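Chemist: The structure follows.
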Amino acid sequence: MAALTLAHANTIVETALAAGAEHGMMPLTVAVLDAGGHLVALQRQDGSGILRVEIARGKAWASLGMGAPTRLLRDRLAGERQYFIAGLVGASDGKFICVPGGVLIRAEAGGPVIGAVGISGDTSDKDEFAAIAGAKPGGADPGLAGLQALTILEPRCGGKQHAQDHLSGLMLFRQDRRTVRMPRLRLAILAPL
């Protein structure tokens, strides 16, 4: 069983911050937890608010604690499950933050969870994009090659969907296809949701 090392965690942080910079995001805070929920790496960019550390850690904690990305948790628990969410927040001493921006890290596709990354600083959708980019396969560190969170597909050109992608702003999440779309870039989440 692979373990999340400090080198892996730092690569995840660096890659996520680079994705944020490349796409003009607000200053981000990135927290990486190991499978036991212990903080392995944390960086807060200059200008990122002082509560962003707790929010990023809470997103990673929620994802790790429930074994699913925080977007999925929010979607499943929204509506009539507010008492359950309140119970989770209480059981975790307030560390459970159930909005997009927290994703699991696996050593290999379908393998055991070795940690989670949580990001805060911009909109939740953008935070999630940077978190997925940080955990993507083929990161700068060869040790991350087995991590599988997403694959980058060719952008779609023309047509109604292309126009909708541009009209919807930076990111549109489509639950039916489990995709995150950005103008000029399309990402498909491969990790089991």
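The values are calculated or read from the model by the stated rules, or taken from the named source; none is laboratory data. Values in this document were obtained by computation on a predicted structure and should not be read as measured data. Glycine also receives a Cβ, built like all others from the backbone with ideal geometry; neighbour counts cover every protein chain displayed. These area figures cover heavy atoms from the full protein model, side chains too; ligands, DNA and RNA do not enter into them. Shrake-Rupley method; radii C 1.70, N 1.55, O 1.52, S 1.80 Å.
Chemist: Which of (1) under 19 Å from Leu104 (Cα atoms); (2) in contact with a Lys or Arg (Cβ under 9 Å, 6 or more places away or on another chain); (3) β-branched (Val, Ile, Thr) is the odd one out, the single condition Ile50 does not satisfy?
Modeler: Ile50 satisfies all of (1) under 19 Å from Leu104 (Cα atoms); (2) in contact with a Lys or Arg (Cβ under 9 Å, 6 or more places away or on another chain); (3) β-branched (Val, Ile, Thr) except (1).
Chemist: From the residues in region 1-60 that are open to solvent by 40 Å² or more (accessible area, probe 1.4 Å) and polar (S, T, N, Q), which one is farthest from Ser120 (Cα to Cα)?
Modeler: Thr5
This table checks each residue for (1) in contact with a helix residue (DSSP H, G or I) (Cβ under 9 Å, 6 or more places away or on another chain); (2) open to solvent by 50 Å² or more (accessible area, probe 1.4 Å); (3) assigned to a strand (DSSP E or B); (4) modelled with pLDDT of 90 or more.
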| residue | (1), (2), (3), (4) |
| --- | --- |
| Asp93 | no, yes, no, no |
| Pro100 | yes, no, no, yes |
| Val103 | yes, no, yes, yes |
| Gly111 | no, no, no, no |
| Ala116 | yes, no, yes, yes |
| Asp127 | yes, no, no, yes |
| Ala131 | yes, no, no, yes |
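Chemist: Mind checking which pairs have a first residue in region 1-23 that is farther than 17 Å from Gly101 by Cα and a second that is open to solvent by 60 Å² or more (accessible area, probe 1.4 Å) and not in a loop (DSSP other than H, G, I, E, B), Cβ under 9 Å, 6 or more apart or different chains?
Modeler: Asn10/Gln43
Chemist: Would a scan of region 69-88 turn up a residue that is under 24 Å from Asn10 (Cβ atoms) and either open to solvent by 40 Å² or more (accessible area, probe 1.4 Å) or not hydrophobic (A, V, I, L, M, F, W, C) (or both)?
Modeler: Among the residues of region 69-88, at least one is under 24 Å from Asn10 (Cβ atoms) and either open to solvent by 40 Å² or more (accessible area, probe 1.4 Å) or not hydrophobic (A, V, I, L, M, F, W, C) (or both), which makes the answer yes.
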